[in-house]
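Asks: The structure that follows is given in the form of structure tokens.
The values are calculated or read from the model by the stated rules, or taken from the named source; none is laboratory data. Bear in mind that the values here come from a model prediction, so they are computed numbers and not experimental data. Every residue, glycine among them, receives a Cβ derived from its backbone with ideal geometry; neighbour counts consider all protein chains shown.
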2 protein chains.
Amino acid sequence: MNETKREQHYTENVQDHLKQVESLLQKHALLETIVHRQELARDDRHPLLDTLVHKQHLAGLQRLLDGMHPADIAYILEALPIEQRLLVWGMVRPELDGDILIEVSDAVRDSLISSMSRDELREATEQLDTDEIADLAPDLPRHVIRDVFKSLPIGEREQLRAAMSYSEDSVGALMDFNMVHVREDVTLEVVSRYLRRFDELPDHTDQVFVVDRDDRFKGVLPINLIVVNEPEVIVGSIMLTDIIQLHPDDKADQAAQAFERYDLVSAPVVDEDGKLFGRVTVNVVLDFIREESETDLLNQAGLREEEDIFASVWKSAKNRWMWLALNLCTAFFASRVIGNFEGTIEKFVALATLMPIVAGIAGNSANQTTTIIIRSLALSQITHENARRLLIKELAIGLLNGLVWGGVAGLFAYFLYHSIPLGIVMTSAMLLNLMVGATVGMAIPLVMQRLGRDPAIGSSVMITAITDSGGFFIFLGLATIFLI
Amino acid sequence: MNETKREQHYTENVQDHLKQVESLLQKHALLETIVHRQELARDDRHPLLDTLVHKQHLAGLQRLLDGMHPADIAYILEALPIEQRLLVWGMVRPELDGDILIEVSDAVRDSLISSMSRDELREATEQLDTDEIADLAPDLPRHVIRDVFKSLPIGEREQLRAAMSYSEDSVGALMDFNMVHVREDVTLEVVSRYLRRFDELPDHTDQVFVVDRDDRFKGVLPINLIVVNEPEVIVGSIMLTDIIQLHPDDKADQAAQAFERYDLVSAPVVDEDGKLFGRVTVNVVLDFIREESETDLLNQAGLREEEDIFASVWKSAKNRWMWLALNLCTAFFASRVIGNFEGTIEKFVALATLMPIVAGIAGNSANQTTTIIIRSLALSQITHENARRLLIKELAIGLLNGLVWGGVAGLFAYFLYHSIPLGIVMTSAMLLNLMVGATVGMAIPLVMQRLGRDPAIGSSVMITAITDSGGFFIFLGLATIFLI
């Protein structure tokens, strides 16, 4: 990644840039329309002038883009509608193409890649490190991967093959191969001489790795220790050995937790033979954490994947359909539960008015429970030991909420319909449904975790389904028994 | 922060540690019970033996704790119920107290601090850097802060005062003061000699800052450049000047985005006079991003703050009440909307059965829209230019969903009740309510943003309130006009 171009006053600047790009594009579009109209009208009065102004806008845009960091161009591409995005993408210096494709979101990447020719894609990809090529690979046409693979030296082919073989949520997928290694029996003087042969060290080199003759990992030598120690000190005498070693098959989110907990900048990845294999750096972990948390938020709303905000209506709708279809099914089911009590409702129409309250509050409360449980599961805070204790606590909260809010709802019902039995039925139904909510709100994420599934995905649909149907059943059932 | 003790095989190890701690505590508790029973029964047969075994468990626990990283102890404290947590907390070496208080979540920190004496708190706090004291300050009793403040040297008092003056979401709150600075007219040789005077450099020192005689910020000198260049090179000739400068009043999340975008490890904080004031490091940014994303998830479920999973029922319930109360109010309102159509429902009870479907699906769909919009707002992707375009897109998706899922629901209604008008009313109501959902799902976060409020908090309550009441009103209203 090109690191040298950084904007002086970062965020304001990027947003200013976006506004400038938009205004240039707008002027450009306006001119296009005028030129087009002129062509239609065969009115050739000032075509030259217009073309000049027109070119000026595009030249201004070009200048703006040439001065920008790839990450900033990526941001601007994401914020532009598709036609304008492709216009700007065509003006980007080709040597930045690879870096920008790595930076943009998956959804936007698709739109950019589909506008590129096979040769352009190959050239863009060849500029990247092997670990970055592996990240891009799932989105590239297969023949491009094949071309790129052939063009790599043998060693890098092996790296690419290795990097592509790890699943997306493993340390292997976060790893890069840009590590500097030294032997433990040399002096810092020798290490310094060796490092001076580099024009610059790889990004995020806060430490060099110490390996033996067989590439087996022995420890790390922080760059800071090279700087604060005398040149004649031997590496082995100051290197750190009691440090975190990652394995390529470790879970990525556990590695991320290690980075957070121990404030790491980089960590060695060691294979099963104890050989140094690669490294993970904090910038990749940062991106991973951000993506994870965004995926959580998207999944909670039932969006299957990140959406390009300018994707076509059809594409966006497909991204959201699964969830709506699922919800429609559970709504049909809940509706049938009510259907079974139509006789009761006919006799006491107030029930229809009050039943959504019973269902809704329990759903909200259950989702609170689930959120707490999912968070604790993610932090591995829930053990066999304390799960029972937590269930009792959640049930107690449900009981308390049932008495308080069920009581309020019961009074609401009584004041509206002047029926004490109705008020009592209302309160009891709220109380029972809140207990149901606490139980499923706790049980569903735990069971999903036990089954090896992500508890953050789909828990809330199931919970709402149960608290809705359960709420209608409990409320209308109690009413049928005690009011009719 | 003590960085040297890191666990060899991190996560498994920490979870193993938790299990070991739990099992030792369990044995301990069992013994306590036995000893207690023996005392009650005045049966003094083996008290000595028991006490020895008892002590053995606690000694084992002590050994385990002594070997652990403060962040790991923090994790274990968070996963233990309150009595056991305080037992373990009492056994932690006092010199780690400060670091651990910084690491634990706010909710757990309260429980630890309230178990400590004034002197213990003062000693724990005095071990910390000024920026860390500032982080802890809001949770400490005021007299402890006063004691600590008095014990600091003048320079650090100023730093503490400054650090405490910035709001939680500003760069000032993320900043620390552990920066190393040099002049631009010296050679790398001189810089190296200067750095060798440190025993170790502050954590995350990937660069030293270059300042002039008046402390004005001139540029940065990456440590890696010191290492790869010859000693006689002058700092000014290789320092980087075109780099990000943060200001203490900048928004923290914009600084976090700069760290992500430009893959930073540290960045200088410069005051309005251009003087170097502090620095922000990536580990703090990582914690900030994690906390932000957790807060988002918690807020979406209406939890006011992070919950200590072992907090009392009363405390947890209070954390969740605001939301439930708010939801109850909107549910009461929706219920009154239905109440106005009781006459219609009495005549056509199928309406009561079908109405939750109309409300529910539009609510789900609107929340999908809001999630996309909130995410784009967070990334500053929404401009005046493209907002209208997005609204049209969301309305189009609503229309499409209305035709598809409204059609399905209409057929469902028709097959159940064999009434074509009912089916048409159902489909029309779904279609209209999905359009209402798309509009409010888009408008509410935008308006909240415009009003300077966080669009992630409370949007979903308002949206559900509108799609529920709106759905009931539209469906029952259409039914009253066309079916009765």
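Asks: Among (1) buried (at least 19 other Cβ atoms within 10 Å of the Cβ); (2) within 30 Å of residue B:199 (Cα to Cα), which single condition is residue B:109 missing?
Replies: So residue B:109 meets the others, but not (2).
Asks: In addition: Scan region B:372-399 for residues that are closer than 30 Å to residue B:348 by Cα and surrounded by 20 or more Cβ atoms within 10 Å (Cβ to Cβ) and jot them down. Break it down stepwise before answering.
Replies: Keep residues of region B:372-399 that are closer than 30 Å to residue B:348 by Cα, which gives B:398-399.
Selection gives B:398 alone.
Asks: Next question, about the same structure. With the checklist (1) in a helix (DSSP H, G or I); (2) touching a Ser or Thr at 6+ places or on another chain (Cβ under 7 Å) in hand, flag the one item residue B:389 doesn't pass.
Replies: Of (1) in a helix (DSSP H, G or I); (2) touching a Ser or Thr at 6+ places or on another chain (Cβ under 7 Å), only one is false for residue B:389: (2).
Asks: In region A:97-156, which residues are free of Cβ contacts under 8 Å to residues at least 24 places away in the same chain and either in a helix (DSSP H, G or I) or among the hydrophobic types (A, V, I, L, M, F, W, C) (or both)?
Replies: Within region A:97-156, A:116, A:119, A:121, A:138, A:142, A:145, A:146, A:149, A:150, A:152, A:154, A:155 meet the criteria.
Asks: To continue, here is another question. Taking region A:184-208 as the region of interest, how many residues are part of a loop (DSSP other than H, G, I, E, B), more than 7 Å from chain B (Cβ to nearest Cβ) and β-branched (Val, Ile, Thr)?
Replies: Total meeting the criteria: 1.
Asks: Taking the condition within 23 Å of the chain's Cα centre (by Cα), of a type in the set (A, V, I, L, M), closer than 21 Å to residue A:407 by Cα and within 7 Å of chain A (Cβ to nearest Cβ), does residue B:324 pass?
Replies: Numbers: within 23 Å of the chain's Cα centre (by Cα): yes; of a type in the set (A, V, I, L, M): yes; closer than 21 Å to residue A:407 by Cα: yes; within 7 Å of chain A (Cβ to nearest Cβ): yes.
Yes.
Asks: Identify the residue in region A:310-321 that is at the interface with chain B (Cβ under 8 Å from one of its Cβ atoms) and touching a residue at least 12 places away in the same chain (Cβ under 8 Å) and, among all such residues, is farthest from residue B:256 (Cα to Cα).
Replies: Once the filter is applied, the top-ranked residue is A:320.
Asks: Determine whether region B:180-194 contains at least one residue that is among the polar types (S, T, N, Q), surrounded by 17 or more Cβ atoms within 10 Å (Cβ to Cβ) and not assigned by TED's automatic domain parsing to the domain that holds residue B:259.
Replies: No, the conditions are met nowhere in region B:180-194.
Asks: OK, next. Collect the residues in region A:274-301 that are without any contact (Cβ under 8 Å) to a residue 60 or more places away in the chain and among the aliphatic types (A, V, I, L, M), keeping them in residue-number order.
Replies: A:286, A:289, A:297, A:298, A:301, listed by residue number.
Asks: If I ask for residues that are out of contact with any helix residue (DSSP H, G or I) (no Cβ under 7 Å at 6 or more places or on another chain) and of a type in the set (A, V, I, L, M), which ones from region A:65-86 would you list?
Replies: Pass one, region A:65-86, residues out of contact with any helix residue (DSSP H, G or I) (no Cβ under 7 Å at 6 or more places or on another chain): A:66-67, A:83, A:86.
Scanning region A:65-86 gives a single hit, A:86.
Asks: Let me ask you something else. Out of all the residues in region B:416-462, which are more than 23 Å from residue B:387 (Cα to Cα) and outside any helix (DSSP H, G or I)?
Replies: Listed by number, the residues that qualify are B:418, B:419.
Asks: Pick from B:484, B:466: which is more than 11 Å from chain A (Cβ to nearest Cβ), β-branched (Val, Ile, Thr), more than 20 Å from residue B:400 (Cβ to Cβ) and assigned to a loop (DSSP other than H, G, I, E, B)?
Replies: Values: B:466 fails: assigned to a loop (DSSP other than H, G, I, E, B).
Residue meeting the stated conditions: B:484.
Asks: Further question on the same structure: Please find, within region B:434-484, the residue that is nearest to residue A:320 (Cα to Cα) out of those that are modelled with pLDDT under 90 and hydroxyl-bearing (Ser, Thr, Tyr).
Replies: The qualifying residue nearest to residue A:320 (Cα to Cα) is B:460.
Asks: So, one more: Exactly one of (1) surrounded by fewer than 16 Cβ atoms within 10 Å (Cβ to Cβ); (2) within 7 Å of another protein chain (Cβ to nearest Cβ) is unmet by residue A:224. Its number?
Replies: Going through (1) surrounded by fewer than 16 Cβ atoms within 10 Å (Cβ to Cβ); (2) within 7 Å of another protein chain (Cβ to nearest Cβ) one by one, residue A:224 breaks only (1).
Asks: Tell me which residues, restricted to region A:361-377, are in contact with a Gly (Cβ under 8 Å, 6 or more places away or on another chain) and closer than 16 Å to residue A:410 by Cα.
Replies: Restricting attention to region A:361-377, the residues satisfying the condition of being in contact with a Gly (Cβ under 8 Å, 6 or more places away or on another chain) are A:362-370, A:373.
Hit for region A:361-377 is A:362, nothing else.
Asks: Quick check on region B:358-365. Is at least one of its residues under 24 Å from residue A:105 (Cβ atoms) and crowded, with 18+ Cβ neighbours inside 10 Å? Give the steps one after another, and end with the answer.
Replies: Looking only at region B:358-365, we keep the residues that are under 24 Å from residue A:105 (Cβ atoms), and these are B:364-365.
Filter once more, so that each one left must be crowded, with 18+ Cβ neighbours inside 10 Å: B:364-365.
Taking every residue of region B:358-365 in turn, at least one turns out to be under 24 Å from residue A:105 (Cβ atoms) and crowded, with 18+ Cβ neighbours inside 10 Å.
Asks: Now for a different question. Name the one entry in B:136, B:201 that is buried (at least 19 other Cβ atoms within 10 Å of the Cβ), within 30 Å of residue B:229 (Cα to Cα) and not basic (Lys, Arg).
Replies: Values: B:136 fails: within 30 Å of residue B:229 (Cα to Cα).
Exactly one residue qualifies, and that residue is B:201.
Asks: Would you point out which residue out of B:242, B:215, B:253 is over 21 Å from residue A:203 (Cα atoms), among the charged types (D, E, K, R), in contact with a strand residue (DSSP E or B) (Cβ under 9 Å, 6 or more places away or on another chain) and surrounded by fewer than 20 Cβ atoms within 10 Å (Cβ to Cβ)? So that I can check it myself, show each step before the final result.
Replies: Working: B:242 fails: over 21 Å from residue A:203 (Cα atoms); B:253 fails: in contact with a strand residue (DSSP E or B) (Cβ under 9 Å, 6 or more places away or on another chain).
One residue alone meets the criteria, B:215.
Asks: In addition: Can you pull out every residue in region A:157-177 that is part of a helix (DSSP H, G or I), small (Gly, Ala, Ser) and under 26 Å from residue A:453 (Cβ atoms)?
Replies: Step one: filter region A:157-177 for residues part of a helix (DSSP H, G or I), giving A:157-165, A:171-174.
Still in the running and small (Gly, Ala, Ser): A:162-163, A:165, A:172-173.
Correct list: A:165, A:172, A:173.
Asks: Further question on the same structure: Going through B:279, B:320, B:290 one at a time, which residue ends up being assigned to a helix (DSSP H, G or I), basic (Lys, Arg) and surrounded by 21 or more Cβ atoms within 10 Å (Cβ to Cβ)? Spell out how you get there, then give the answer.
Replies: On the way: B:279 fails: assigned to a helix (DSSP H, G or I); B:290 fails: surrounded by 21 or more Cβ atoms within 10 Å (Cβ to Cβ).
Criteria check complete, one pass: B:320.
Asks: Still on this structure, I have one more. Return yes or no: is residue A:307 acidic (Asp, Glu), at negative phi, in contact (Cβ under 8 Å) with a residue 24 or more places away in the chain and facing another protein chain (nearest Cβ under 8 Å)?
Replies: Working: acidic (Asp, Glu): yes; at negative phi: yes; in contact (Cβ under 8 Å) with a residue 24 or more places away in the chain: yes; facing another protein chain (nearest Cβ under 8 Å): yes.
Spelling it out, residue A:307 is indeed acidic (Asp, Glu), at negative phi, in contact (Cβ under 8 Å) with a residue 24 or more places away in the chain and facing another protein chain (nearest Cβ under 8 Å).
Asks: Take residue A:343 and tell me if it is surrounded by fewer than 19 Cβ atoms within 10 Å (Cβ to Cβ) and within 7 Å of chain B (Cβ to nearest Cβ). Don't jump to the end; show me each part of the working.
Replies: Values: surrounded by fewer than 19 Cβ atoms within 10 Å (Cβ to Cβ): yes; within 7 Å of chain B (Cβ to nearest Cβ): no.
Against the criterion (surrounded by fewer than 19 Cβ atoms within 10 Å (Cβ to Cβ) and within 7 Å of chain B (Cβ to nearest Cβ)), residue A:343 does not qualify.
Asks: I'd like the full set of residues that are over 35 Å from the mean Cα position of the chain (by Cα) and either closer than 26 Å to residue B:103 by Cα or part of a strand (DSSP E or B) (or both), limited to region A:226-243.
Replies: If we filter region A:226-243 for residues that are over 35 Å from the mean Cα position of the chain (by Cα), which is where we start, we get A:226-239.
Once the filter is applied, which keeps residues that are over 35 Å from the mean Cα position of the chain (by Cα) and either closer than 26 Å to residue B:103 by Cα or part of a strand (DSSP E or B) (or both), region A:226-243 yields only A:234.
Asks: While we're looking at this one, here's another question. Any idea which of A:190, A:171, A:180 is of a type in the set (A, V, I, L, M) and within 29 Å of the chain's Cα centre (by Cα)? It would help to see each step written out before you state the result.
Replies: On the way: A:190 fails: within 29 Å of the chain's Cα centre (by Cα); A:180 fails: within 29 Å of the chain's Cα centre (by Cα).
Being of a type in the set (A, V, I, L, M) and within 29 Å of the chain's Cα centre (by Cα) holds for just one of A:190, A:171, A:180, which is A:171.
Asks: Could you give every pair whose Cβ atoms fall below 8 Å, whose first residue belongs to region A:343-363 and is over 27 Å from residue A:397 (Cα atoms), and whose second residue is assigned to a helix (DSSP H, G or I) and aromatic (Phe, Trp, Tyr), counting only separations of at least 6 or pairs across chains?
Replies: Note: pairs meeting the criteria are A:350/A:417.
Asks: What do you reckon, is residue A:302 within 22 Å of residue A:413 (Cβ to Cβ) and either at pLDDT 90 or above or not hydrophobic (A, V, I, L, M, F, W, C) (or both)? If you could, list the steps in order and put the result at the bottom.
Replies: Details: within 22 Å of residue A:413 (Cβ to Cβ): no; either at pLDDT 90 or above or not hydrophobic (A, V, I, L, M, F, W, C) (or both): yes.
For residue A:302, the condition - within 22 Å of residue A:413 (Cβ to Cβ) and either at pLDDT 90 or above or not hydrophobic (A, V, I, L, M, F, W, C) (or both) - is not met.
Asks: Among residues belonging to region B:244-256 that are touching a residue at least 12 places away in the same chain (Cβ under 8 Å) and not in a loop (DSSP other than H, G, I, E, B), point out the one that is farthest from the other protein chains (Cβ to nearest Cβ).
Replies: Within region B:244-256, the subset touching a residue at least 12 places away in the same chain (Cβ under 8 Å) is B:244-253, B:255-256.
Pick out the ones that are also not in a loop (DSSP other than H, G, I, E, B) and you get B:246, B:251-253, B:255-256.
Working: B:246: 8, B:251: 8, B:252: 11, B:253: 9, B:255: 8, B:256: 9 Å.
Among residues in region B:244-256 that are touching a residue at least 12 places away in the same chain (Cβ under 8 Å) and not in a loop (DSSP other than H, G, I, E, B), the one farthest from the other protein chains (Cβ to nearest Cβ) is B:252.
Asks: I would also like to ask the following. Take residue A:401 and tell me if it is without any contact (Cβ under 8 Å) to a residue 12 or more places away in the chain and either out of contact with any Gly (no Cβ under 8 Å at 6 or more places or on another chain) or outside any helix (DSSP H, G or I) (or both).
Replies: Details: without any contact (Cβ under 8 Å) to a residue 12 or more places away in the chain: no; either out of contact with any Gly (no Cβ under 8 Å at 6 or more places or on another chain) or outside any helix (DSSP H, G or I) (or both): yes.
Against the criterion (without any contact (Cβ under 8 Å) to a residue 12 or more places away in the chain and either out of contact with any Gly (no Cβ under 8 Å at 6 or more places or on another chain) or outside any helix (DSSP H, G or I) (or both)), residue A:401 does not qualify.
Asks: Hey, another quick one. Which residue is farthest from the chain's Cα centre (by Cα), if the candidates are limited to region A:348-390 and must be under 22 Å from residue B:21 (Cα atoms) and more than 7 Å from chain B (Cβ to nearest Cβ)?
Replies: Step one: of region A:348-390, the residues under 22 Å from residue B:21 (Cα atoms) are A:373, A:375-390.
Filter once more, keeping what is more than 7 Å from chain B (Cβ to nearest Cβ): A:373, A:377-379, A:382, A:384, A:387-388.
Details: A:373: 20, A:377: 18, A:378: 15, A:379: 18, A:382: 24, A:384: 30, A:387: 29, A:388: 32 Å.
Restricting to residues being under 22 Å from residue B:21 (Cα atoms) and more than 7 Å from chain B (Cβ to nearest Cβ), the top hit is A:388.
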